[in-house]
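K.L.:
Attaching a single structure in structure tokens format; questions to follow.
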Amino acid sequence: MAAAGFLTGPYQTALAPGELLTAVELPARPDRTGLSHLRMKLTERPVVTVTAAITLAPRGDVAQARLIVGSVGRVPFAAGVDGLLGAVAADFARRADACAGRAAVGCAPSPDGECSADYLRHLVDVHARRALGEAFAAAAAA
């Protein structure tokens, strides 16, 4: 089962009653890949979780990118990152800012009484921007 279809709602999975997850297989991380995983908690449950992965081509431009946003809505979602492909150090921050802004607009917040939908979108924007920057820096240093 693909990871994207595993989570079906808060604390809910696609497993049938009696089924148990016994293994998770992850592909090897490509060379020149940086990861960043950030979360913010106000209480026990995170209000925002963002994971970014950036892989650089040999010439230093972005060859692959992923941005996953969780804890804000019912299920995690993959934000669009096409605007990051081909980015180099000189223009990565500008492109990452735009990508983070689109992720914030595109998320479907489920306010739980701790934060408004607008504040959750703001948190996605801030954390996505930071995670993308950290992942790019880690990839460049690899």
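Results for (1) within 11 Å of the chain's Cα centre (by Cα); (2) buried (at least 19 other Cβ atoms within 10 Å of the Cβ); (3) over 11 Å from Cys107 (Cβ atoms), shown as yes or no for each residue.
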| site | (1), (2), (3) |
| --- | --- |
| Val47 | no, yes, yes |
| Leu56 | no, yes, yes |
| Val62 | no, yes, yes |
| Ala79 | yes, yes, no |
| Gly83 | no, no, yes |
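K.L.:
Here is a follow-up. Looking at the stretch 25-49, I want the residues that are closer than 19 Å to Leu132 by Cα and have a partner that is modelled with pLDDT of 95 or more and among the charged types (D, E, K, R) with Cβ atoms under 9 Å, at least 6 apart or on another chain. Which pairs are those?
P.N.:
As it stands, the answer is Gly34/Glu134; Leu35/Glu134; Ser36/Arg130; Ser36/Glu134; Leu38/Arg130; Leu38/Glu134, since those pairs meet every condition given.
K.L.:
Between residues in the stretch 1-21 that are more than 19 Å from Arg66 (Cα to Cα) and residues that are in a helix (DSSP H, G or I), which pairs lie under 7 Å by C-beta distance while being six or more apart or on different chains?
P.N.:
Ala14/Gly5
Here is a yes/no grid of residues against (1) over 30 Å from Tyr11 (Cα atoms); (2) small (Gly, Ala, Ser):
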{"residue": "Gly70", "(1), (2)": "no, yes"}
{"residue": "Ala79", "(1), (2)": "no, yes"}
{"residue": "Ala89", "(1), (2)": "yes, yes"}
{"residue": "Ala104", "(1), (2)": "no, yes"}
{"residue": "Asp118", "(1), (2)": "no, no"}
{"residue": "Ala135", "(1), (2)": "no, yes"}
{"residue": "Ala141", "(1), (2)": "yes, yes"}
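K.L.:
List the strands (runs of 3 or more DSSP E) inside the stretch 12-112, counting only whole elements, that have at least 2 residues being among the basic types (Lys, Arg).
P.N.:
Working: elements: 33-41, 46-56, 62-70.
The strands (runs of 3 or more DSSP E) meeting that bar are 33-41.
K.L.:
What number goes with the only condition from (1) surrounded by 15 or more Cβ atoms within 10 Å (Cβ to Cβ); (2) closer than 15 Å to Val69 by Cα; (3) among the charged types (D, E, K, R) that Arg32 does not pass?
P.N.:
Arg32 satisfies every listed condition except (2).
K.L.:
Tally time: how many residues in the stretch 108-142 are modelled with pLDDT under 95, over 18 Å from Arg45 (Cα atoms) and surrounded by 13 or more Cβ atoms within 10 Å (Cβ to Cβ)?
P.N.:
So the count comes out to 1.
K.L.:
Of all residues in the stretch 113-142 being in contact with a Leu (Cβ under 9 Å, 6 or more places away or on another chain) and in a loop (DSSP other than H, G, I, E, B), which is nearest to Arg59 (Cα to Cα)?
P.N.:
Of the stretch 113-142, the ones in contact with a Leu (Cβ under 9 Å, 6 or more places away or on another chain) are 114-115, 127-128, 130-132, 134-136, 138-140, 142.
Okay, now just the ones that are also in a loop (DSSP other than H, G, I, E, B), so 114-115, 142.
Working: Glu114: 45, Cys115: 42, Ala142: 13 Å.
Restricting to residues being in contact with a Leu (Cβ under 9 Å, 6 or more places away or on another chain) and in a loop (DSSP other than H, G, I, E, B), the top hit is Ala142.
K.L.:
Inside the stretch 4-29, can you point out the residues that are surrounded by 10 or more Cβ atoms within 10 Å (Cβ to Cβ) and either within 11 Å of Val75 (Cβ to Cβ) or β-branched (Val, Ile, Thr) (or both)?
P.N.:
Across the stretch 4-29, the qualifying residues are Ala4, Gly5, Phe6, Leu7, Thr8, Gly9, Pro10, Gln12, Thr13, Ala14.
The values are calculated or read from the model by the stated rules, or taken from the named source; none is laboratory data. Since this is a predicted model, take the numbers as computed values, not measurements. Glycine gets a Cβ as well: all are built from the backbone with ideal geometry, and neighbour counts include every protein chain shown.
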